Amino acid sequence: MRRWSKILFAMTALSLGIQAAYADDPNGEIHVKGNVPAVCSLGGWQKQSGPGAFVPGFDAVATYNSSDLVGADGFSALGPGSALTFHAPLSCNTAITWSFSTAKGALRLDATTAAAPGFARQWFYDLSAAPYTQGGSVVGFQPTLTSNGTPITESFGLGSGDAKTISYMGIVFSPIAQPLRMLAGNYSETITLTVSPTM
Amino acid sequence: MMRTFGTFVFAAAMASPALAATVTQAQPLTVLGDVPVRCKMSPPQASDGGSNTSFSQNGAGGEIDFTNFVDPVTGKLAASSAQIAFPIICTGAQTLTVTTQNGGLTNTNVTSPSGGFAARADYTLSASWASTVQSLQTVGSSASLDLSQSAPQSGQLVLNFTLAPGNQPLEAGSYDDAIVVQLNTAQ
């Protein structure tokens, strides 16, 4: 009998201890909290159409073949038929601002070859950029520009409702025919897409 | 439980091909093109009347003919000249050479001239292209002028052919030489 009394006393003491531990939450609720940040997931560039070679990815490079650039007589062969189309997957859970910028404003000869009368050293181009839904519809703005040889940056904003419908960003680079012979050398232009989630 | 959730999130990030970020993402796309050197040379044309000569264009080349090659009485060379131009355009560096094949107007039927007669008529050939001018005097063997340029050029290669009056009569027969213009890209 004395042994049972000791056991009962010990159980009572343990029970009191448990009650004390839950005294701050009298309803017995447990709160679980999480925070989802405003986030955008931007995938690498993929070429959809156009001539030449392409290295896809986050720092993609599209290269025209020499035969795409000039004919046997040295005259420009680039034109609207040489347009390049690129997509980059984009998924955002919030409003965004997006922009594109051009490094030169022309597909231009890099070398310091002196300008020579009767020759051209750059191609201007038409550029359109826009976010698209999975079905291929433009979301918000679809700016287009004709380059003029100087760098340009254009920025746009999209509310959360629109931004969440975006499936990919699309860019179309369409060279403008050049009537002159092109100076020999390496030509380049860089277009940079920037996406920023906004709260 | 917390460790399990953390492991799941990490695995998802590794599997995604895209960059997910709460900050600005800038993604460049570079377009490149390498334009090769192209050169074009058009058929020659007489750029002035010359003297005692006529020029006829023939395909990509032509022919200089003498009105009076020699003095009909003495048989000695008569003074003659011709100026021929080749329109050329190159979009980059180029090699350009002008070569006389025989090194003079030569009567190939005469192996060893005798009796004070000559079987070769030497001439002066000068050529100008871009800012380069070069000339040679024929001496009986093939010789070349190098007018190569490291920059793109557009203009005319002008050849000046001058035959001085001779002091030695020539063997009878046909005399000829070929002046060959070679243009190539240099890249």
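The values are calculated or read from the model by the stated rules, or taken from the named source; none is laboratory data. Quick caveat, the model's predicted, so the values are computed rather than measured. Cβ: placed from backbone, ideal geometry, glycine included. Neighbour counts: every protein chain shown.
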Quick one: in segment B:107-125, of everything that is modelled with pLDDT under 95 and of a type in the set (S, T, N, Q), which residue is surrounded by the fewest Cβ atoms within 10 Å (Cβ to Cβ)?
B:S112
Given (1) at pLDDT below 95; (2) over 22 Å from the mean Cα position of the chain (by Cα), index of the condition B:V31 fails
(1)
Quick one: A:N65 ticks every box in (1) closer than 17 Å to A:M182 by Cα; (2) surrounded by fewer than 21 Cβ atoms within 10 Å (Cβ to Cβ); (3) more than 9 Å from chain B (Cβ to nearest Cβ); (4) among the polar types (S, T, N, Q) bar one, so which box is it?
(3)
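Restricting attention to segment A:90-105, and to residues there that are of a type outside the set (A, V, I, L, M, F, W, C) and over 17 Å from A:S196 (Cβ atoms), which single residue is surrounded by the fewest Cβ atoms within 10 Å (Cβ to Cβ)?
Residues of segment A:90-105 of a type outside the set (A, V, I, L, M, F, W, C): A:91, A:93-94, A:97, A:99, A:101-102, A:104-105.
Then keep just the ones that are over 17 Å from A:S196 (Cβ atoms); that gives A:102, A:104-105.
Values: A:T102: 20, A:K104: 18, A:G105: 20.
The qualifying residue surrounded by the fewest Cβ atoms within 10 Å (Cβ to Cβ) is A:K104.
Say whether the condition of being touching a His at 6+ places or on another chain (Cβ under 9 Å), at pLDDT 95 or above and not acidic (D, E) is met by at least one residue in segment A:110-128. Break it down stepwise before answering.
Narrowing segment A:110-128 to residues touching a His at 6+ places or on another chain (Cβ under 9 Å): none.
No, because not a single residue in segment A:110-128 is touching a His at 6+ places or on another chain (Cβ under 9 Å), at pLDDT 95 or above and not acidic (D, E).
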Just to be sure before I move on: is A:L107 touching an Asp or Glu at 6+ places or on another chain (Cβ under 6 Å) and facing chain B (nearest Cβ under 7 Å) in the structure I sent?
yes
Of the residues in segment B:52-94, how many are more than 14 Å from chain A (Cβ to nearest Cβ) and either assigned to a strand (DSSP E or B) or under 30 Å from A:Q122 (Cα atoms) (or both)?
22
Of (1) of a type outside the set (S, T, Y); (2) over 21 Å from A:I152 (Cβ atoms); (3) within 10 Å of chain B (Cβ to nearest Cβ), A:G79 fails just (3)
Being of a type in the set (S, T, N, Q), within 14 Å of chain B (Cβ to nearest Cβ) and surrounded by 15 or more Cβ atoms within 10 Å (Cβ to Cβ) is the filter here; which residues of segment A:142-197 pass it?
A:S147, A:S167, A:S174, A:Q178, A:S188, A:T190, A:T192, A:T194, A:S196
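Is there a residue being outside any strand (DSSP E or B) and at pLDDT 90 or above anywhere in segment A:37-44? Walk me through how you get there before you give the answer.
Step one: filter segment A:37-44 for residues outside any strand (DSSP E or B), giving A:37-39, A:43-44.
Filter once more, keeping what is at pLDDT 90 or above: A:43-44.
Within segment A:37-44, one or more residues are outside any strand (DSSP E or B) and at pLDDT 90 or above.
Filter segment A:110-130 down to residues that are more than 9 Å from chain B (Cβ to nearest Cβ) and not in a strand (DSSP E or B) and give me whichever is farthest from A:T153 (Cα to Cα).
First, pick out the residues of segment A:110-130 that are more than 9 Å from chain B (Cβ to nearest Cβ): A:110-112, A:115, A:120-122, A:124, A:126-130.
Next cut, not in a strand (DSSP E or B) only: A:110-112, A:115, A:121, A:124.
Details: A:D110: 21, A:A111: 24, A:T112: 25, A:A115: 27, A:R121: 23, A:F124: 16 Å.
Once the filter is applied, the top-ranked residue is A:A115.
Do you know which residues across segment A:82-95 are assigned to a strand (DSSP E or B) and within 10 Å of chain B (Cβ to nearest Cβ)?
Once the filter is applied, which keeps residues that are assigned to a strand (DSSP E or B) and within 10 Å of chain B (Cβ to nearest Cβ), segment A:82-95 yields A:L84, A:F86, A:A88, A:P89, A:L90, A:S91, A:C92.
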Name, by its number, the condition in (1) surrounded by 10 or more Cβ atoms within 10 Å (Cβ to Cβ); (2) modelled with pLDDT of 90 or more; (3) within 11 Å of chain B (Cβ to nearest Cβ) that does not hold for A:V32.
(1)
